[in-house]
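Contents: one structure, followed by commentary.
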Amino acid sequence: MTSATVLEHVERNFDRSVSRLVNWLRIPSVSTDPAYRSQCRQAAQWLADDLTAIGFRAQLRETKGHPVVFAHHPGPAGGKGPHLLFYGHYDVQPPDPLDLWSSPPFEPSIVDGPHGKRVVARGAVDDKGQVMTFVEACRAWHEVGGGVPCAITCVIEGEEECGSVNMHQFLKDSKHEIVGSAAPTSPCDFAVVSDTGMWDVDTPAITYALRGLVYLEVTLYGPSRDLHSGLYGGCVPNPINELSRHLAALHDGDRRITIPGFYDDVRPLTESERSQWAALDFDESAFLGEAGLSEGYGEKGFTLLERQWARPTCDVNGIKGGYQGQGAKTIISSSASAKVSFRLVPDQDPRRILDSFRKWINGQLAPGCRVEIVDHGSGRPCLTPIDHPAMFAARAALKEAMGRDPVLIRSGGSIPIVEGFKSILGLDTLLIGFGLNDDRVHSPNEKFELKCFRAGQRSHVMLLDRFARMAK
Ligand code: BES
Ligand code: MN
Ligand code: MN
């Protein structure tokens, strides 16, 4: 069976693949909200059934949280190619604020845009639409080629959007089935993930690094109850004033993070990466303009791509405390809290960063204030060697699928378990995604261009073909 025939099959069946995606998108698999527990399971079962229909042996595996879809296809009998691990996630971010959606988040709509039609729904690009680029490619191989051309194990989880808190344990528990002696056919050789972006709508990309993450919640306590600010103001510590002082002190005038030792483990950018990225000629004003901004911002001495891809950053993601109701209320709140996250780059260690934050804030507390820090999960940064053999196969496949050489990029986002593929399973990961910068990931009106959906399916058809012909 030639890949050209499989590509034709993808084209002929494209409309049906869109309907399948739409059906999956209707299931509101919001992992962070316990109210959607059964819908998460339903979305997992939907995928397991679909994988079963195209020749996989698929099961739901229980975890302490939402189940993992675990599926295996042995590939062709006597196949000599590698065994790949495909990872993605079926869970989605909460859809709120609902009133900013132009159509309901779980009633997918197909609308026109500058690149043709697009599907608008929560999860369209992150990550259901991208998981389906792979599943549809497998379906095409199954329907015209009699089966996928290499051995595949799929791990599609339901808790990526809440930090993949149970995935490390899951990988440890199933290691023997993925890379150990109980692996069917052969141990997995590398991982493939479609949960990142393309360079632009016509240009594919391979992402070779992701940033890590530390997410914490810090609460400052002062007086034992809310106090009248006329009687007590200026005489007692105000937790909101104090927390604001700490948060403001996180960055200096050059927008560098001030926590002692914070940059100690940061691997410096090489001159060759810097010049390659400069040559990419990234359109900063388009990137900013799409977010309603016109001027650059960030750590002094770095370009936008360098800041996004290879520099650690810190953002306050939410803040609360004090009186939020109508009109004025003159109180000193007894506490205040903030959610704070750090994006990390190689070779920063989440535990070390959390410890330094703890020390830093404890070292500057006002008298009468007490601090509590809750760890909301973390992920390590990761890097894939750009000379990995699968990288060469992928570059060739993407060029065949899309007619253009892929761009090698890094990403500012995080996929917490990718580092676990390396540290637990010993596998490198190829991140080959089909999103665009303006897809409004995690925002209202999230969308996936059908052009990208098609490009993703074509790419996976060719990737499977190239991998199958790779020397192991
Ligand atoms: N798919 C994204 C990460 C991403 C987005 C990578 C765009 C590259 C380009 C993933 O689902 C995500 O949102 N990750 C979270 C991790 C967090 C919830 C632990 C992130 O990066 O904030
Ligand atoms: Mn994702
Ligand atoms: Mn996400």
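Going by what's in this entry, would Ile156 be described as touching a helix residue (DSSP H, G or I) at 6+ places or on another chain (Cβ under 8 Å), under 28 Å from Arg458 (Cα atoms), more than 16 Å from ligand 2 (Cβ to nearest atom) and not hydroxyl-bearing (Ser, Thr, Tyr)?
no
Residue by residue through segment 372-424, note down the ones that are surrounded by fewer than 21 Cβ atoms within 10 Å (Cβ to Cβ), of a type in the set (A, V, I, L, M, F, W, C) and over 30 Å from Leu7 (Cα atoms).
The answer is Ile373, Val374, Leu383, Ile424.
Go through segment 51-63 and report how many residues are open to solvent by 70 Å² or more (accessible area, probe 1.4 Å) and within 23 Å of the chain's Cα centre (by Cα).
Result for segment 51-63: 1.
Hey, can you tell me all the residues within segment 115-142 that are basic (Lys, Arg) and either away from ligand 3 (no atom under 16 Å from the Cβ) or assigned to a helix (DSSP H, G or I) (or both)?
Scanning segment 115-142 gives Lys117, Arg118, Lys128, Arg139.
Considering each residue of segment 439-456, count those that are among the acidic types (Asp, Glu) and either within 12 Å of ligand 2 (Cβ to nearest atom) or under 15 Å from the mean Cα position of the chain (by Cα) (or both), and give that number. Spell out how you get there, then give the answer.
Initially, segment 439-456 is screened for residues among the acidic types (Asp, Glu), giving 439, 446, 449.
Filter once more, keeping what is either within 12 Å of ligand 2 (Cβ to nearest atom) or under 15 Å from the mean Cα position of the chain (by Cα) (or both): 439, 446.
Qualifying residue count, segment 439-456: 2.
What's the number of the condition Gly145 fails, among (1) modelled with pLDDT under 95; (2) within 16 Å of ligand 3 (Cβ to nearest atom)?
Evaluating Gly145 over (1) modelled with pLDDT under 95; (2) within 16 Å of ligand 3 (Cβ to nearest atom) leaves (2) as the failure.
With respect to the numbered conditions (1) open to solvent by 20 Å² or more (accessible area, probe 1.4 Å); (2) more than 16 Å from ligand 1 (Cβ to nearest atom); (3) closer than 27 Å to Ser3 by Cα; (4) modelled with pLDDT of 95 or more, which one is the sole condition not fulfilled by Pro114?
So Pro114 meets the others, but not (3).
Looking only at residues in segment 314-338 that are open to solvent by less than 50 Å² (accessible area, probe 1.4 Å) and free of Cβ contacts under 8 Å to residues at least 60 places away in the same chain, which one is farthest from the chain's Cα centre (by Cα)?
Gly325
How many residues are within 15 Å of ligand 3 (Cβ to nearest atom) and either open to solvent by less than 10 Å² (accessible area, probe 1.4 Å) or at pLDDT 95 or above (or both) if we restrict to segment 425-442?
Restricting attention to segment 425-442, the residues satisfying the condition of being within 15 Å of ligand 3 (Cβ to nearest atom) are 431, 433-437, 439-442.
This time we only want the ones that are either open to solvent by less than 10 Å² (accessible area, probe 1.4 Å) or at pLDDT 95 or above (or both), so: 431, 433-436, 439-442.
Matching residues across segment 425-442 total 9.
Is it true that some residue in segment 223-233 is farther than 30 Å from Phe467 by Cβ and either within 25 Å of the chain's Cα centre (by Cα) or of a type in the set (Asp, Glu) (or both)?
Checked against the condition, which is being farther than 30 Å from Phe467 by Cβ and either within 25 Å of the chain's Cα centre (by Cα) or of a type in the set (Asp, Glu) (or both), segment 223-233 yields at least one hit.
In segment 361-472, which helices (runs of 4 or more DSSP H) lie fully inside it and hold 3 or more residues that are more than 16 Å from ligand 1 (Cβ to nearest atom)?
Correct list: 389-402, 450-468.
In segment 39-97, which residues are within 16 Å of ligand 2 (Cβ to nearest atom) and more than 25 Å from Leu431 (Cα to Cα)? Break it down into steps so the answer makes sense when it comes.
Let us first name the residues in segment 39-97 that are within 16 Å of ligand 2 (Cβ to nearest atom), namely 40, 43-44, 47, 66, 68-69, 86-95.
Once the filter is applied, which keeps residues that are within 16 Å of ligand 2 (Cβ to nearest atom) and more than 25 Å from Leu431 (Cα to Cα), segment 39-97 yields only Pro95.
Do we have any residue at all in segment 150-160 that's in a loop (DSSP other than H, G, I, E, B), surrounded by fewer than 22 Cβ atoms within 10 Å (Cβ to Cβ), of a type outside the set (Asp, Glu) and within 16 Å of ligand 1 (Cβ to nearest atom)?
no
Could you pull out the residue among Asp428, Asp387 that is closer than 28 Å to Arg307 by Cβ, without any contact (Cβ under 8 Å) to a residue 12 or more places away in the chain and in the same structural domain as Gly81 (by TED's automatic domain parsing)?
Values: Asp428 fails: without any contact (Cβ under 8 Å) to a residue 12 or more places away in the chain.
That would be Asp387, the only listed residue that is closer than 28 Å to Arg307 by Cβ, without any contact (Cβ under 8 Å) to a residue 12 or more places away in the chain and in the same structural domain as Gly81 (by TED's automatic domain parsing).
Somewhere in segment 54-68, is a residue at pLDDT 95 or above, under 18 Å from Val18 (Cβ atoms), in the same structural domain as Met391 (by TED's automatic domain parsing) and of a type in the set (A, V, I, L, M)?
yes
Restricting to segment 201-246, name every residue that is open to solvent by less than 50 Å² (accessible area, probe 1.4 Å) and over 30 Å from Ser414 (Cα atoms).
Taking segment 201-246 as the starting set, the residues that turn out to be open to solvent by less than 50 Å² (accessible area, probe 1.4 Å) are 201, 203-214, 216-220, 222-223, 227, 229, 233, 236-239, 242-243, 246.
Gly222, Pro223, Leu227, Ser229, Gly233, Val236, Pro237, Asn238, Pro239, Glu242 - these are the residues of segment 201-246 that are open to solvent by less than 50 Å² (accessible area, probe 1.4 Å) and over 30 Å from Ser414 (Cα atoms).
With outside any loop (DSSP other than H, G, I, E, B) and either surrounded by fewer than 19 Cβ atoms within 10 Å (Cβ to Cβ) or in contact with a Phe, Trp or Tyr (Cβ under 9 Å, 6 or more places away or on another chain) (or both) as the only criterion, which of Ala48, Ala77 stands out?
Sole residue among the options that is outside any loop (DSSP other than H, G, I, E, B) and either surrounded by fewer than 19 Cβ atoms within 10 Å (Cβ to Cβ) or in contact with a Phe, Trp or Tyr (Cβ under 9 Å, 6 or more places away or on another chain) (or both): Ala48.
Just to be sure I understand the filter: pairs with C-beta atoms under 8 Å, separated by 6 or more residues or on different chains, first member in segment 143-170 and closer than 30 Å to Pro76 by Cβ, second member basic (Lys, Arg). Which pairs pass?
Phe170/Arg61
Of all residues in segment 159-174 being in contact with a helix residue (DSSP H, G or I) (Cβ under 9 Å, 6 or more places away or on another chain) and of a type in the set (Asp, Glu), which is nearest to ligand 2 (Cβ to nearest atom)?
The selected residue is Glu160.
The values are calculated or read from the model by the stated rules, or taken from the named source; none is laboratory data. What you are looking at is a predicted structure, and each value in this text was computed from that prediction instead of being measured. Note that we place each Cβ from the backbone using ideal geometry, even for glycine, and neighbour counts take in every protein chain shown. Accessible surface areas use protein heavy atoms only, side chains included; no ligands, DNA or RNA. Shrake-Rupley method; radii C 1.70, N 1.55, O 1.52, S 1.80 Å.
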